[in-house]
Structure formats: structure tokens, C-alpha cells
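Reading through the C-alpha cells given below for one structure.
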Amino acid sequence: MAWINRERGANFRLTGLVDAEEAIRGGMEQAMELGLVLCDGELCQRQQVRIEPTGHGFSISAVETEEAPIPPLLDPPPGVRASWLDDQLEKHDFIALLFYRGLW
């Protein structure tokens, strides 16, 4: 968290991990990719990071991914929501909206 907050000048809190069991399956001696669910006030987003062991600790870097099934911004900004819903409905037969802490 300290690395992400320092890189972005933010104050994110870690509120969830994505695919944690799969990421650590190889042990802490191997590089792994981990999805973090971060919240800063009312904005939540997913960030993919790569953690690699080094001689004296770990090296952490952001992972650029192609379009993920879970979008990086978990709550589309106001004004974009209608077009975002239309775009999602073109890709899927239906979508389910989850309301969480006042966000969807």
C-alpha cells in the first residue's frame, strides 16, 4: 500500500484481494501477480501488481493489463454511467449491478 500511495500521491486503503490463492500458490520465492481492490474515500478501483522477491525484500511494480473482466474503476464516473451500461449490455445478455457502500 505504501508503494501505491507514494506513486500516486493518494491515500488508498486495501479493501480486498483478487485471486490471492492463485497468486501465492507458487510460494513467496517466486514472482506473482496480485489484484488489489483499493478505496480512497468514495472511489474504489482494482490495481494489478507484480511482486518479485529480491535479495533483500521485494520489488513491486504495476502491471498493465488488457481489458479485464473486472474494470479497473469499479464505479464509473458520473456522466459516463449511461454509456457504460449500454456498452456492457452490448457485450452481455444481462448485467447485475451491485450496490456497495453507496457505489455500484
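Overview of values
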{"item": "Residue, surrounded by the fewest Cβ atoms within 10 Å (Cβ to Cβ), within region 22-41, restricted to residues that are closer than 19 Å to Glu52 by Cα and among the hydrophobic types (A, V, I, L, M, F, W, C)", "result": "Met28"}
{"item": "Subset tally (residues that are at pLDDT 80 or above and of a type outside the set (Lys, Arg)) for region 46-74", "result": "16"}
{"item": "Residues of region 8-21 satisfying the condition of being part of a helix (DSSP H, G or I) and surrounded by fewer than 12 Cβ atoms within 10 Å (Cβ to Cβ)", "result": "Glu21"}
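The values are calculated or read from the model by the stated rules, or taken from the named source; none is laboratory data. These numbers come from a predicted model, not from an experiment. Backbone-built Cβ (ideal geometry, glycine too); neighbour counts: all protein chains shown.
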